[in-house]
Amino acid sequence: GQQLNQSPQSMFIQEGEDVSMNCTSSSIFNTWLWYKQDPGEGPVLLIALYKAGELTSNGRLTAQFGITRKDSFLNISASIPSDVGIYFCAGLKNSNSGYALNFGKGTSLLVTP
Amino acid sequence: NAGVTQTPKFQVLKTGQSMTLQCAQDMNHEYMSWYRQDPGMGLRLIHYSVGAGITDQGEVPNGYNVSRSTTEDFPLRLLSAAPSQTSVYFCASSRPGWAVNNSPLHFGNGTRLTVT
């Protein structure tokens, strides 16, 4: 599969701080997705990006699809304790055999009150 | 509202044993897939299916078989378990065209498998 480089690997921040994480690839993707995973659960979709340059918000979350289609970032503003979890980026290419997501290795976020 | 249900939640196998991980969804989703999640590796696609009777390989298919006889179920079979298959397995489903029409990929809560 295609390698997605996600950074940082982990973040330890105080409540109220803003958070930024990003994902890069040597390949072009048609779609970028950001997921959050809580302990013991499956990932849940946060934001989906379908167009190069697209900037999309979901509450305190903002994500952008890079112009080159090889990168994406996710920002979380004014973090709160429930933001704790692992955040994954995922890139998708359409292929003859259907859709297959490639995931980054995740950013582990810890928020202290 | 069950969503995607995976059973069992935990399983311990000995090397060489076989077992089937079950996945069922009640949302009439045509697309279903299996991922494995290993520490520091993210999620990697094992197999997927775009509809009943149709399956295809993902990134890491070796050692796993799948079948899709109904829309609701997508079992994952380990024919001869190996320690390298110790992992957390996630099943996910969605509607057709999920990747391009803003339909989320719904994940189950995972099966934690240990092979000794």
Of the heavy-atom accessible surface of the protein assembly as shown (probe 1.4 angstrom), what whole percent is carbon and sulfur? 50 percent
Between B and A, accessible area buried - total, square angstrom, nearest 100, 1.4 angstrom probe: 1900 Å²
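Could you give the length gained on full extension between residue B:41 and residue B:12, defined as 0.36 nm per residue of separation minus the Cα-Cα distance, in nm? Walk me through the numbers on the way to the answer.
Values: separation 29, 0.36 × 29 = 10.44 nm, distance 2.14 nm.
Working it through step by step, the gained length comes to 8.3 nm.
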I'd like to check one number: the per residue accessible area of the protein assembly as shown, probe 1.4 Å, reported in Å² as a whole number. 46 Å²
About its Cα centre, what dipole magnitude does chain B give when the only charges are +1 on Lys and Arg Cβ and -1 on Asp and Glu Cβ, stated in debye to the nearest 20? 300 debye
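When ranked by the protection proxy of mean other Cβ atoms within 10 Å per residue, highest first, what sequence do the peptides B:7-18, A:33-44 form?
Details: B:7-18: 12.2, A:33-44: 18.8.
Output ranking for B:7-18, A:33-44: A:33-44, B:7-18.
What is the sum of charges around residue B:76, taking Lys and Arg as +1, Asp and Glu as -1, for the other residues whose C-beta is under 12 Å from the C-beta of residue B:76?
Numbers: positive: B:36, B:68, B:77; negative: B:73.
With Lys, Arg at +1 and Asp, Glu at -1, the neighbours total +2.
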Whole-number D in µm²/s for chain B (Stokes-Einstein; Kirkwood sum over Cα pairs; 20 °C, 1.002 mPa s): 152 µm²/s
Dipole in debye (nearest 20) - the protein assembly as shown, about Cα centre, beta carbon charges: Lys, Arg +1; Asp, Glu -1: 480 debye
Can you find, among B:74, B:111, B:12, the residue sitting farthest towards the positive end of the charge dipole of chain B, where Lys and Arg contribute +1 and Asp and Glu -1 at Cβ? B:12
How many Cβ atoms of partner chains, on average, are near each residue of B:30-42 if near means within 10 Å of its Cβ? 3
Pairs of lysines in the protein assembly as shown (C-alpha under 21 Å apart; 8 or more residues apart or interchain): 9
As I understand it, the dipole of the protein assembly as shown uses +1 on the Cβ of Lys and Arg and -1 on the Cβ of Asp and Glu, about the Cα centre. Which of B:63, B:50, A:103 lies farthest toward its positive end? B:63
Per residue of A:37-43, count partner chain C-beta atoms within 10 Å of its C-beta, then hand back the mean as an integer. 6
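The values are calculated or read from the model by the stated rules, or taken from the named source; none is laboratory data. As the structure is a computational prediction, the values presented were derived from the model and not from experiment. Methodologically, a virtual Cβ is constructed for each residue, glycine included, from the backbone with ideal geometry; neighbour enumeration extends over all protein chains shown. Just the protein is used for accessible areas: all its heavy atoms, side chains included, with ligands, DNA and RNA removed. Shrake-Rupley method; radii C 1.70, N 1.55, O 1.52, S 1.80 Å.
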